[in-house]
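Trainee: Mind looking over this structure? Questions follow.
The values are calculated or read from the model by the stated rules, or taken from the named source; none is laboratory data. Computed from a prediction, not measured in an experiment: that's the story for all the values here. Cβ atoms come from the backbone with ideal geometry, glycine included; neighbour counts cover every protein chain shown. Ligands, DNA and RNA are excluded from the accessible area calculation, which covers all protein heavy atoms including side chains. Shrake-Rupley method; radii C 1.70, N 1.55, O 1.52, S 1.80 Å.
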Amino acid sequence: DIQMTQSPSSLSASVGDRVTITCRASQNIFSYLNWYQQKPGKAPKVLIYGASKYHSGVPSRFSGSGSGTDFTLTISSLQPEDFATYYCQQSYSVPLSFGGGTKLEIK
Amino acid sequence: EGLLVESGGGLIQPGESVRLSCAASGFTVSSNSLAWVRQAPGRGLEWVAVIFREGRTHYGESVRGRSTISKDNSKNTVDLELSGLRADDTARYYCARGLTAPGTNYYDLWGPGTPVTVSS
């Protein structure tokens, strides 16, 4: 099974900051990497799929990059509504798996 | 766009079984893969099971051997039956639709989830 490791597990930042979250797969997953955002009490929402493709309606301040085993999610200028928990997920092989999550908090 | 609504959760005794149901609208389960993902209180997301369009199924390690995912195309629903419930099965269970794109696949639509609490 493929293990997904996210870092950091938590992050404090201010509105307007640029932040980067990393995700590492235990084996090559090519570009089968998705990023989700989850707010408290809500279901997750997909932001980025295929490592770098925007899901419909996602603001351009979010971007994804990487391939193989190392991936990043970058938020170029944090907005108040971006404070949430972010998860990476590999969809290369079953069982699919999520990273442990990165909780983004207001500094 | 589509909508997913889960039901069937509640307070369950250890060792018993639960059958969760996911009702889809705005699209057909026969044309998509559907999955269950769970989240224990204060914890991260855990992939549980998937049923593909053609009916093939796969399960996560923590539920393999004691769970069954199935779908009813006529009712447009996907169910998850989990037996031998343990305290660590306590979680909110989400249903999610799989979308296939060139070179990848991802979950583009999620239900609000149904809570399962395993306790005596």
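Trainee: Could you give the alpha-carbon Rg of region A:1-59 over 2.2 N^0.38 Å, rounded to two decimals?
Mentor: Compactness ratio reported: 1.26.
Trainee: In addition: With each pseudo-label sitting 7 Å past Cα toward Cβ, what's the A:Asp1-B:Arg66 distance in nm, one decimal?
Mentor: 1.4 nm
Trainee: Could I ask something else about it? Hey, how many Å between the Cα centroid of region A:1-68 and the Cα centroid of region B:1-26?
Mentor: Cα centres, region A:1-68 to region B:1-26: 27 Å.
Trainee: For region B:1-87, which GluC sites (Glu not before Pro) are both in a DSSP coil and crowded by at most 12 other Cβ atoms within 10 Å?
Mentor: B:Glu1, B:Glu16, B:Glu54, B:Glu61
Trainee: Now, a different point. Please figure out what share of the DSSP beta bridges in chain B is antiparallel and state it in percent, rounded to the nearest 5.
Mentor: Of those bridges, close to 95 percent are antiparallel.
Trainee: Assign one of three labels to region B:64-120, namely rounded, prolate or oblate, based on the Cα gyration tensor with a ≥ b ≥ c the square roots of its eigenvalues; rounded applies when a/c is under 1.5, prolate when it is not and a/b is larger than b/c, and oblate otherwise.
Mentor: Since a/c reaches 1.5 and a/b is larger than b/c, the shape of region B:64-120 is classed as prolate.
Trainee: Same structure, new question: Specify the residue with the greatest mean-square fluctuation among B:Thr57, B:Thr100, B:Thr90, computed from a Gaussian network of chain B linking alpha-carbon atoms under 10 Å apart.
Mentor: Top of the fluctuation ranking is B:Thr100.
Trainee: Here is a further query. With every protein chain present, what is the per residue accessible area of region A:1-104 (1.4 Å probe, Å²)?
Mentor: Accessible surface, normalised per residue, equals 43 Å².
Trainee: Then there is this: Quick one: buried accessible area between B and A, total over both chains, 1.4 angstrom probe, nearest 100 Å²?
Mentor: Using a 1.4 Å probe on protein heavy atoms, the buried area is about 1700 Å².
Trainee: For A:42-49, what's the mean count of beta carbons from other chains sitting within 10 Å of each residue's beta carbon?
Mentor: Counting Cβ atoms of other protein chains within 10 Å of each residue's Cβ and averaging gives 6.
Trainee: Which residues of region B:95-112 end up with at least 10 Å² less accessible area in the presence of all protein chains than when their chain stands alone, using a 1.4 Å probe?
Mentor: The answer is B:Ala101, B:Pro102, B:Gly103, B:Thr104, B:Asn105, B:Tyr106, B:Tyr107, B:Asp108, B:Trp110 - residues whose exposure falls by at least 10 Å² when every protein chain is included.
Trainee: Please give the length that would be gained between B:Leu99 and B:Phe27 if that part of the chain were fully extended, namely 0.36 nm times their separation in residues minus their C-alpha to C-alpha distance (nm, one decimal).
Mentor: 24.7 nm
Trainee: Quick one: give the max-minus-min coordinate of the C-alpha atoms of region A:57-107 along each principal axis, largest first, in Å.
Mentor: So the extents along the principal axes, rounded to whole Å, are 35, 21, 20.
Trainee: Then there's this: Within the P(r) computed for the protein assembly as shown, what percentage of the Cα pairs occupies the region above 25 Å?
Mentor: 39 percent
Trainee: Something else about it: Could you please state how large a percent of the accessible area of region B:1-114 is carbon and sulfur, counting protein chains only and using a 1.4 Å probe?
Mentor: 49 percent
Trainee: State which entries of A:Lys42/A:Lys103; A:Lys53/B:Lys75; A:Lys39/A:Lys107; A:Lys53/B:Lys71 exceed 26 angstrom in Cα-Cα distance in the structure shown.
Mentor: A:Lys53/B:Lys75; A:Lys53/B:Lys71
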